[in-house]
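**Student:** Can you keep this structure in mind? I'll have questions shortly.
None of the figures in this text is laboratory data; all of them are computed from the coordinates on show. Note that the structure is predicted; figures quoted are calculated from it, not measured. Glycine gets a Cβ as well: all are built from the backbone with ideal geometry, and neighbour counts include every protein chain shown.
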Amino acid sequence: MINCNMAKSIFPETPLFIPRAMDAQILGLGLRFPAIIMGATMVELRAKIADGFKMISDIFIIDPETHKLLYKQASQKKAFKKISYPDVEFEKIYSNLKFRSSVIDRCIQYQIKKGASILIAPYFFSDDVEDNKFSLNITLLAETIKYIQDKKIDLQLFAMVYVGTQALARTATINFIADRYTNEFSNYLGGYFVAVSDIDGRKSSSNDLLGFAYLIYRLSLRNHVIVNSVGDFGGVLSAIGAIGFSSSLMTGESISVKLLQAAPKKMKSRVKEWTYVPEIFNYANDAEVKKIGYKCPCPACKNSFPVGATAKKQHFFFRRMSSMEELRLIDPSKRLDYMAGRISDAKKLVVGYVKRFKSPFKTDYLDRWEEVLRVAAKWAPPEDEDELSAIIAELE
């Protein structure tokens with residue numbers, strides 16, 4: 001069986017921002033990307049764009065999106081059906097080994113066929129550990145590892161941990177999740193992608209954000225962790241222990257299974273009227289951007305502000321990438337302090353905008369992020385494996 005460990009990470013420079021590619025706004029920049037992630041649906045829907053990103057990415061990642069199989073609103077869409085997954089009923093995949101094997105085979109072979117640099121095991125959304133889909137995910141992961149072994153596939157396998165905010169409510173539950181995914185599997189995985197449904201870095205409660213951060217921290221003690229579909233709070237999580245995070249450009253910074261459970265609604269895009277302002281970890285209406293005299297030095301703005309959807313997405317991309325490059329230069333032991341300093345500066349900037357221009361910006365989300373960092377500072381990393389075991393035993 002392939003044994004992957006943290007010393008053999010396929011990602012050479014971390015932490016990093018991994019764009020979740022959906023369109024071509026950053027395809028023609030003449031850059032080479034450390035990593036790109038695309039959903040399987042988008043690979044089918046925009047095949048030429050997918051081929052383009054595959055050519056200019058060191059690591060091309062495909063999210064197999066198998067969680068959509070249990071939601072008719074998603075599984076019946078034309079692009080998703082092209083992936084050729086079998087029709088899935090929960091009871092059948094839960095109880096039938098042969099059927100699970102067919103899902104695993106199609107999931108893994110699809111990623112290989114489309115040129116993925118790493119593999120993600122099939123997964124489903126589980127709101128909490130008491131959800132039967134949680135135990136199904138553990139079974140699928142174990143069987144996928146065996147499949148990789150039997151087929152002698154020489155690509156790193158990652159697990160997708162996709163849960164709801166309910167799973168973050170109790171420390172004991174978070175410890176249980178981390179233990180189930182690490183105790184048996186961490187030596188055979190390249191790492192973990194983690195997604196939490198209905199969590200928003202700027203709107204969620206302190207308790208939810210703390211639970212999210214603690215889950216990332218616990219998993220990161222044993223292997224590499226990438227946070228999937230998260231906004232600027234991903235920078236906080238990267239300071240705590242993640243090797244990076246992903247999102248789409250100015251959209252898709254959170255994820256929700258609710259969108260798969262009901263008839264799809266047309267989402268209002270903020271790209272036309274809003275601009276990303278990384279200095280305050282937030283967005284500003286274009287009228288406000290002009291009023292405060294915001295200027296950005298990135299290649300898309302050139303000491304001005306971005307105008308038009310393409311320029312705004314490029315601006316977002318450049319600033320997200322540069323923020324993680326800056327964090328990469330900071331010694332890991334000092335990243336919490338560094339991120340706390342950035343948040344403190346952002347609060348001062350917001351207060352100044354409010355005082356000088358009567359801007360509508362708030363600092364409540366920044367206060368919550370500061371609280372997360374203060375608590376996380378007490379989660380001292382272990383010096384060795386024996387100390388790690390003692391810490392985990394004490395936590396439990």
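**Student:** Return the distance in nm (one decimal) between the two label points of a simple spin-label model at residue 348 and residue 258, each offset 7 Å from Cα along Cα→Cβ.
**Tutor:** 3.8
**Student:** Between region 28-55 and region 274-334, how far is it from one alpha carbon centroid to the other, in angstrom?
**Tutor:** With region 28-55 and region 274-334 each reduced to a Cα centre, they are spaced 23 Å.
**Student:** A further question follows. Could you give the semi-axes, largest first, of the ellipsoid that matches region 58-178, computed as the square roots of 5 times the alpha carbon gyration tensor eigenvalues and rounded to whole Å?
**Tutor:** Numbers: eigenvalues 105, 63, 44 Å².
Rounded to whole Å, the semi-axes are 23, 18, 15.
**Student:** In addition: Compute the projected area of the convex hull of the Cα atoms of region 274-366, averaged over all viewing directions, and report it in nm² to one decimal place. Spell out each step's value before the answer.
**Tutor:** Numbers: hull surface 24.2 nm².
Mean projected area of the Cα convex hull: 6.0 nm².
**Student:** Neighbour counts of other C-beta atoms within 10 Å: give me 253, 371 arranged from fewest to most.
**Tutor:** Working: 253 21, 371 14.
Taking fewest neighbouring Cβ atoms as first place, the list is 371, 253.
**Student:** Which of the chymotrypsin sites (Phe, Trp or Tyr not before Pro) found in region 180-221 are loop residues per DSSP with 11 or fewer other Cβ atoms within 10 Å of their Cβ?
**Tutor:** Numbers: sites: 181, 185, 188, 192, 193, 212, 214, 217; in loops: 185.
Taking region 180-221 and a limit of 11 other Cβ atoms within 10 Å, no loop chymotrypsin sites (Phe, Trp or Tyr not before Pro) are found.
**Student:** According to a simple spin-label model (label point 7 Å from Cα along Cα-to-Cβ), what is the distance in nm between residue 135 and residue 87?
**Tutor:** Inter-label distance under the simple model: 2.7 nm.
**Student:** If you rank 173, 66 by fewest surrounding Cβ atoms within 10 Å, what's the result?
**Tutor:** 173, 66
**Student:** How high is the relative contact order of region 131-206, given as a whole-number percent (alpha carbon pairs under 8 Å, six or more residues apart)? Intermediate values should be presented prior to the final figure.
**Tutor:** Details: 46 pairs, mean separation 31.2, N = 76.
Reported as a whole number, the value is 41 percent.
**Student:** Follow-up question, since we're still on this one. When you have a sec, figure out the Kirkwood radius of region 129-221 from all distinct Cα pair distances and drop it here in Å to one decimal?
**Tutor:** Evaluated on region 129-221, it is 14.0 Å.
**Student:** Relative to the present Cα-Cα distance, how much length would full extension add between residue 109 and residue 378 at 0.36 nm per residue of separation?
**Tutor:** On the way: separation 269, 0.36 × 269 = 96.84 nm, distance 4.29 nm.
In short, 92.5 nm is gained.
**Student:** Could I ask something else about it? Give the percent of DSSP beta bridges with both residues in the chain that are antiparallel, rounded to the nearest 5.
**Tutor:** Close to 15 percent.
**Student:** Tell me, what ³J(HN,Hα) does each residue in region 252-259 have, in order and in whole Hz, if you take phi through Karplus 6.51 cos²θ - 1.76 cosθ + 1.60 with θ = phi - 60° and put x for Gly and Pro?
**Tutor:** Computed from phi, the couplings for region 252-259 are x, 8, 8, 9, 8, 6, 4, 5 Hz.
**Student:** In addition: When the scattering of region 49-108 is computed by the Debye formula from its Cα atoms alone, each counted once and equally, what is log10 I(q)/I(0) at q = 0.20, 0.25 Å⁻¹?
**Tutor:** Log10 I(q)/I(0), no solvent term: -0.82, -1.06.
**Student:** Identify, among 315, 285, 332, the residue whose Cα sits farthest towards the positive end of the charge dipole of region 274-366, taking +1 on the Cβ of Lys and Arg and -1 on the Cβ of Asp and Glu, with the dipole about the Cα centre.
**Tutor:** So the residue furthest toward the plus end is 285.
**Student:** Now for a different question. In whole percent, what relative contact order does region 15-261 give with Cα contacts below 8 Å and a gap of six or more residues?
**Tutor:** Details: 428 pairs, mean separation 44.7, N = 247.
Dividing the mean separation by the residue count of region 15-261 yields 18 percent.
**Student:** What number, rounded to the nearest 500 deg cm²/dmol, is the helix-based mean residue ellipticity at 222 nm of the chain, given -39500 (n - 2.57) per DSSP H run of at least four residues and division by all its residues?
**Tutor:** That calculation yields -14000 deg cm²/dmol at 222 nm.
**Student:** Just to confirm the filter: which GluC sites (Glu not before Pro) across region 1-89 are DSSP coil and have at most 10 other Cβ within 10 angstrom of their Cβ? Don't skip to the answer; put the middle values down first.
**Tutor:** Values: sites: 13, 44, 65, 89; in loops: 13, 65, 89.
Those that pass, being in a loop and sparsely packed, number zero.
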